[in-house]
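First the structure, in the form of structure tokens, and then the observations on it.
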Amino acid sequence: MSDHNSATRRLRLGMVGGGEGAFIGGVHRIAARLDDQYQLVAGAFASNAERSQASAAALHVSPERAYPDYRTMATAESQREDGIDVVAIVTPNHLHYDVAKTFLEAGIDVICDKPMTTTLEDAQALAELVERSGRFFGLTHNYSGYSLVRQAREMVATGELGDIRVVQVEYPQDWLSTPLEESGVKQAEWRTDPKRSGPAGCLGDIGTHAYHLARFVTGLELESLAADLHAFVEGRVLDDNVHMMMRFKGGARGMLWSSQVAPGNENGLKLRVFGSHGGLEWRQEEPNRLIHSPLGEPSRILTRNGPGLGAAALAAARIPPGHPEGYLEAFAQLYSDFAEQIRARREGREAQTLAQGTPNVTDGVDGLRFISLALASSKQGGAWVGLEEPVGLGVDRM
């Protein structure tokens, strides 16, 4: 069993998935090390034991802690005096639920990539397990780690924008504009396969990021939505383009567009929020600028580490003004906030305020409910679907 003197050492990190050729595994490892809070010591890096061993060697993980599968890893690590404190799950979506369940039941904290599961039922079951186990569960909606995203959230929460009226969020990419999955590209193969990705393609992969960003910044709760999901690439089963209208509790209205078939767009996540007193605009490809437009006044540009920022933004910045920060640093901010929450739980204290509010199992359930509603709406020709209506997660809906 892992010891609890985590305050005096790095947290011991295990990883499931993320072996050779996996982009997101490398991102998680860099993020975990950037603020020197974790040390990777174990993993089941691939579904094939030989490939897992090869990845472990490349990552300087001891051969005896390179496991052939995640179940063996969870059992072995939970019994070691120097066992892992937390596991990062960076597998294709269909494995998230069972891997998370296995480690939670073994008494090990979990950091999981999104979407949390492939069905709403599994998400709800996982949330119940997290509650029963008392373990930490973090979900890597990494865009919530950006300094100026946290600034935007703080401005909305303190009323600088007044009553929120309109939320517009988009996330266009172009990398799946052709049937890339047919050419052997691993990342395209599993994302377009309903057996591994789940019943949502573009919606689950990046649409959930857009939705979470809108919710994270505004704090608004979804009431209903009307969605149109479509696959433009011939032969593709899962959606590669999503248009959506949203109604939020309290009266605000929203629009969401996510696409992976929009030529000229690399990673164009963009959020605009408009209230009775002003508006905000943030773009992921220019993450060090936040445009604030008070009603009746000239727009002003807030910069990371610049004047006029609040505590939340400053706590999430690492380097001096003028030096750009971005994707990896935002990911690292989540890992550092997770580390503080894990340590606080083990030490029986309250986590530092600015490290709280990160995506968790509740956000995971919310994301799967969002996917469920969108699939149900699209299947009904774009009809409005509310939270109170029962929804399923079938894939025969385009």
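Couple of notes before you dig in:
- Filtered residues of region 205-252 (kept if touching a strand residue (DSSP E or B) at 6+ places or on another chain (Cβ under 6 Å), over 16 Å from residue 175 (Cβ atoms) and either hydroxyl-bearing (Ser, Thr, Tyr) or in a loop (DSSP other than H, G, I, E, B) (or both)): 218, 220, 224, 249, 252
- Positions within region 346-368 being more than 29 Å from residue 319 (Cα to Cα), over 15 Å from the mean Cα position of the chain (by Cα) and either assigned to a helix (DSSP H, G or I) or touching a residue at least 24 places away in the same chain (Cβ under 8 Å) (or both), in sequence order: 346, 347
Rundown of residues vs (1) farther than 25 Å from residue 108 by Cβ; (2) modelled with pLDDT under 95, yes/no style:
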| site | (1), (2) |
| --- | --- |
| 280 | yes, no |
| 307 | yes, yes |
| 329 | yes, no |
| 340 | no, no |
| 356 | no, no |
| 363 | no, no |
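- Within region 29-47, being surrounded by fewer than 17 Cβ atoms within 10 Å (Cβ to Cβ) and in contact with a Phe, Trp or Tyr (Cβ under 8 Å, 6 or more places away or on another chain) holds for 30, 35.
- Going through (1) over 20 Å from the mean Cα position of the chain (by Cα); (2) crowded, with 23+ Cβ neighbours inside 10 Å one by one, residue 181 falls short only on (2).
- Number of residues in region 234-260 that are crowded, with 18+ Cβ neighbours inside 10 Å and of a type outside the set (Phe, Trp, Tyr): the value is 14.
- Filtered residue count, region 177-190, keeping only those that are closer than 21 Å to residue 25 by Cα and in contact (Cβ under 8 Å) with a residue 60 or more places away in the chain: 3
- Residue satisfying all of: in region 107-120; of a type in the set (A, V, I, L, M, F, W, C) and within 19 Å of residue 338 (Cα to Cα); farthest from the chain's Cα centre (by Cα) among these: 108
- If you check 74, 54, 32 for being in a helix (DSSP H, G or I), among the small types (Gly, Ala, Ser) and over 21 Å from residue 137 (Cβ atoms), only one passes: 54.
- Any hit, region 85-92, residues being touching a residue at least 40 places away in the same chain (Cβ under 8 Å), among the small types (Gly, Ala, Ser) and within 17 Å of residue 343 (Cβ to Cβ): yes
- Set 116, 155: member being surrounded by 22 or more Cβ atoms within 10 Å (Cβ to Cβ), assigned to a helix (DSSP H, G or I) and among the aliphatic types (A, V, I, L, M): 155
- Matching entry among 205, 228 (being in the same structural domain as residue 165 (by TED's automatic domain parsing), over 23 Å from residue 150 (Cβ atoms) and within 19 Å of the chain's Cα centre (by Cα)): 205
- Just one residue in the set 137, 103 is closer than 15 Å to residue 78 by Cα, of a type outside the set (Asp, Glu) and either surrounded by 18 or more Cβ atoms within 10 Å (Cβ to Cβ) or within 19 Å of the chain's Cα centre (by Cα) (or both); that residue is 103.
- Within region 253-312, if we keep just the residues that are among the charged types (D, E, K, R), over 26 Å from residue 232 (Cα atoms) and not in a strand (DSSP E or B), the residue that is farthest from the chain's Cα centre (by Cα) turns out to be 297.
- Test set (1) in contact (Cβ under 8 Å) with a residue 24 or more places away in the chain; (2) out of contact with any helix residue (DSSP H, G or I) (no Cβ under 7 Å at 6 or more places or on another chain); (3) assigned to a helix (DSSP H, G or I) - residue 376 fails condition number: (1)
- Selected residue [β-branched (Val, Ile, Thr) and surrounded by 13 or more Cβ atoms within 10 Å (Cβ to Cβ)] from 301, 342, 319: 342
The values are calculated or read from the model by the stated rules, or taken from the named source; none is laboratory data. Keep in mind that this is a model prediction, so the values were computed, not measured. Every residue, glycine among them, receives a Cβ derived from its backbone with ideal geometry; neighbour counts consider all protein chains shown.
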